[in-house]
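So the structure is just underneath, and the comments pick up after that.
The values are calculated or read from the model by the stated rules, or taken from the named source; none is laboratory data. Please read these numbers as outputs of a predicted model, since none were measured by experiment. For neighbour counting, all protein chains shown are included, and Cβ atoms are generated from backbone atoms with ideal geometry for every residue, glycine included. SASA here: full protein model, heavy atoms, side chains in, ligands and nucleic acids out. Shrake-Rupley method; radii C 1.70, N 1.55, O 1.52, S 1.80 Å.
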Amino acid sequence: MITKELIENRINHFFGYGNIESDIWFIGMEEGFDGNLSDLKIRFNNAESKSVIDLQNDMAHVQDHIKWFSPNSKVQNTWGKLIQILLTLQSNEPITIDQIKEFQRKEFGRLNSTHSCLELMPLPCRSIRKEDWFYNQFNIDYLETRKKYLDKIMPIRIELFKNLIKKNNPKIVVCYSIGYLKKWQEIVDIELTKINNLYYSRKDQTHFFVIPHPVARGLTNNEWFEIFKNLKEISSI
């Protein structure tokens with residue numbers, strides 16, 4: 001059973017997947033969810049009182065999730081661009097689809113990895129549409145609607161992330177989704193400057209980037225390659 005205590009534990013403690021002590025952080029807005037409450041309970045239980053978990057080992061029994069790590073798995077749409085950033089930072093050679101698949105299967109979001117994959121908002125959901133909000137069934141006042149949830153919990157999470165960045169001092173933080181630019185700026189606590197299709201600023205030793213969401217429409221492959229190139233060049237300064 002998913003209890004109020006379990007939900008609030010996740011809100012106050014859980015950030016995502018991978019190595020929180022790594023140099024490279026990705027921060028998205030919210031995890032997706034296929035609607036299976038049994039899988040959701042596993043996700044909540046395995047993350048209880050933890051800041052990060054392993055994207056494979058700790059999610060092995062979540063069927064809609066673990067399918068992305070089999071030998072014949074396709075590239076997951078959101079992860080693919082994030083992996084391409086990681087591979088581009090490591091190499092000057094063109095990145096192949098096979099390299100992305102291999103990285104996804106073996107290295108992405110692992111506790112011993114070179115990166116972490118975090119989420120600003122802690123409760124997985126199918127989409128931001130009103131009809132896909134199902135947390136009102138748990139009889140928690142601020143979960144009655146998505147708006148109430150965002151109004152109450154987002155400021156809390158922004159402060160948690162600000163403190164997390166200050167504590168861990170990652171070298172590179174990549175937030176994805178231009179639509180939430182103002183929220184990312186609240187987290188990084190510094191004004192971001194637009195450079196082509198990304199936003200950037202530096203604070204102390206941390207490079208902060210905001211890029212389009214990996215599944216955002218309207219960007220060509222060449223524009224994405226330019227984003228990867230700019231991100232690498234800027235973060236190496």
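What the Kirkwood sum gives for the range 116-191 is a hydrodynamic radius of 13.9 Å, with every pair of different alpha carbons counted.
In a reduced charge model with +1 at each Lys and Arg Cβ and -1 at each Asp and Glu Cβ, the range 37-170 shows a dipole moment near 240 debye about its Cα centre. Among complete DSSP H helices in the chain, those whose alpha-carbon atoms stretch at least 20 Å along the helix's long axis and whose mean Kyte-Doolittle hydropathy reaches -0.5 are 77-90. Residues of the chain were split at every exposed loop site, defined as trypsin sites (Lys or Arg not before Pro) in a DSSP loop with at most 10 other C-beta atoms within 10 angstrom, and the longest piece left, sites excluded, is 1-128.
Put simply, the Cα atoms of the range 9-60 extend 34, 22, 20 Å along their principal axes, the longest span coming first.
The solvent-accessible area of residue 154, taken with every protein chain present and a 1.4 Å probe, is close to 10 Å².
Tell me the relative contact order for the chain as a rounded percent, counting alpha carbon contacts under 8 Å between residues six or more apart. Result for the chain is 25 percent.
What you get for the range 2-57, charging only the Cβ of Lys and Arg (+1) and of Asp and Glu (-1), is a dipole of about 180 debye around the Cα centre. Applying a threshold of 28 Å to the alpha-carbon distances of 50/152; 182/229; 171/229; 4/171 flags 4/171 as lying beyond it.
Derived scalar couplings between HN and Hα for the range 122-133 equal x, 9, x, 8, 5, 6, 8, 5, 4, 5, 9, 7 Hz in order, rounded to whole Hz, by the Karplus curve 6.51 cos²θ - 1.76 cosθ + 1.60 (θ = phi - 60°), x for Gly and Pro. Shape analysis of the chain yields a ratio of the Cα radius of gyration to the Kirkwood radius, Rg/Rh, of 0.95.
Computed over the range 1-103, the percent of Cα pairs more than 24 Å apart is 29.
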